[in-house]
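Notes follow once the structure below has been shown.
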Amino acid sequence: MLLLDDDLEHVLVEPAVAHHEVALVAELLAPRVLDLPAARLALVVQIDAGDRLSFSASAGTTQDRYTDSLYGLLSYRAFDTNVDASYQLNSYLSLLADYTYERYKSDQRSRQYSAASNTTNNDWESYLRDGVHTVGGGISASHLLPKLTLDAFYDLSIAKGLTTNRALGNPALAGFLVTTAQDYPQTSNRMHELTATAKYQWSEHVFSSLEYRYERYSRMDFQIQNMTPYMVPFDPRTNTSIYLGADVPGYQVHNVSVSVEYRF
């Protein structure tokens, strides 16, 4: 199956609040309609190789370009692909595996300026790149014992992000201000998830389930790794502020749940 959508969208953009590091460009101060060439492409392939093996693959992409936008977000591109496979070893045991890759890219432009220098020679751009790999596998067993089903799955997700910055002007010209543009450190996070479930049918209407779930999360992010609720040791000017929820530290979680279900 192939899906393709290549058209021209119109987006109404409201005026943004000016920031002291963003150019005061007259064209940005009024709402306007932007021509947004947007391409969408999706491809899906599914194969059933006999009664035991099943395979499917999909890929999709989004390409957005804000052709009338001089500053702010200039373009956004996304690509994702997925592969799933399952194999039935026998009448009561099946194996499952999947892999997903996601990639996101966006470009932004801004300007550093002062009262004496507000020209395009002080424009700069940022290029954001994020990639996510997710791999998983599992086993499903039914009828090992009468009315008992066992499932176990493991997933690992690894994400990395990188932001690079480039000055667009000529440093040799008078009034050049973009002297501190630099690339940011790479960010990353990783999530492990393991799930094991046992389900038992006690009667025609009564079912029970026992599940164990384990999660482990870790991250490296220069933007938030030093955040604490009380930031005075880093910045004395924050002595009247408390920062809650600014950081998501790494963690490990073990969870056990039991449920009983009655079906009418």
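Listed here are the residues, each with its yes/no results for (1) in a strand (DSSP E or B); (2) out of contact with any strand residue (DSSP E or B) (no Cβ under 6 Å at 6 or more places or on another chain); (3) closer than 29 Å to Gly169 by Cα.
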residue	(1), (2), (3)
Thr62	yes, no, no
Asp68	no, no, yes
Tyr76	yes, no, yes
Ala85	yes, no, no
Thr134	yes, no, no
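Check region 214-228 and report whether any residue there is more than 19 Å from Pro185 (Cβ to Cβ), touching a strand residue (DSSP E or B) at 6+ places or on another chain (Cβ under 8 Å) and of a type in the set (D, E, K, R).
Scanning region 214-228 turns up at least one residue that is more than 19 Å from Pro185 (Cβ to Cβ), touching a strand residue (DSSP E or B) at 6+ places or on another chain (Cβ under 8 Å) and of a type in the set (D, E, K, R).
When you check Val178 against the structure, is it more than 19 Å from Ala152 (Cβ to Cβ), touching a helix residue (DSSP H, G or I) at 6+ places or on another chain (Cβ under 7 Å) and of a type in the set (Val, Ile, Thr), yes or no?
yes
Exactly one condition in (1) surrounded by 15 or more Cβ atoms within 10 Å (Cβ to Cβ); (2) closer than 27 Å to Leu53 by Cβ; (3) not small (Gly, Ala, Ser) is false for Leu148; which is it?
The one condition Leu148 does not meet is (1).
Among the residues of region 235-264, write down those that are aliphatic (A, V, I, L, M) and over 32 Å from the mean Cα position of the chain (by Cα).
Passing the criteria: only Val260.
Considering only residues that are in contact (Cβ under 8 Å) with a residue 24 or more places away in the chain and out of contact with any Lys or Arg (no Cβ under 8 Å at 6 or more places or on another chain), which ones fall in region 104-122?
Asp107, Gln108, Arg109, Ser110, Arg111, Gln112, Tyr113, Ser114, Ala116, Ser117, Thr119, Asn121
Based on this model, can you work out whether Gly131 counts as under 29 Å from Tyr113 (Cβ atoms), surrounded by 13 or more Cβ atoms within 10 Å (Cβ to Cβ) and either of a type outside the set (Ser, Thr, Tyr) or in contact (Cβ under 8 Å) with a residue 12 or more places away in the chain (or both)?
Criteria not met by Gly131.
Condition test on Thr164, is it touching an Asp or Glu at 6+ places or on another chain (Cβ under 8 Å) and in a strand (DSSP E or B)?
For Thr164, the condition - touching an Asp or Glu at 6+ places or on another chain (Cβ under 8 Å) and in a strand (DSSP E or B) - is met.
Considering only region 178-264, give the strands (runs of 3 or more DSSP E) lying wholly within it that have at least 2 residues that are surrounded by 14 or more Cβ atoms within 10 Å (Cβ to Cβ).
Qualifying strands (runs of 3 or more DSSP E): 187-201, 206-220.
Values in this text are rule-based calculations from the coordinates and carry no lab data. Model, not experiment: these values are computed from the prediction. Every residue, glycine as well, gets a Cβ built from its backbone with ideal geometry; the counts of neighbours run over all protein chains shown.
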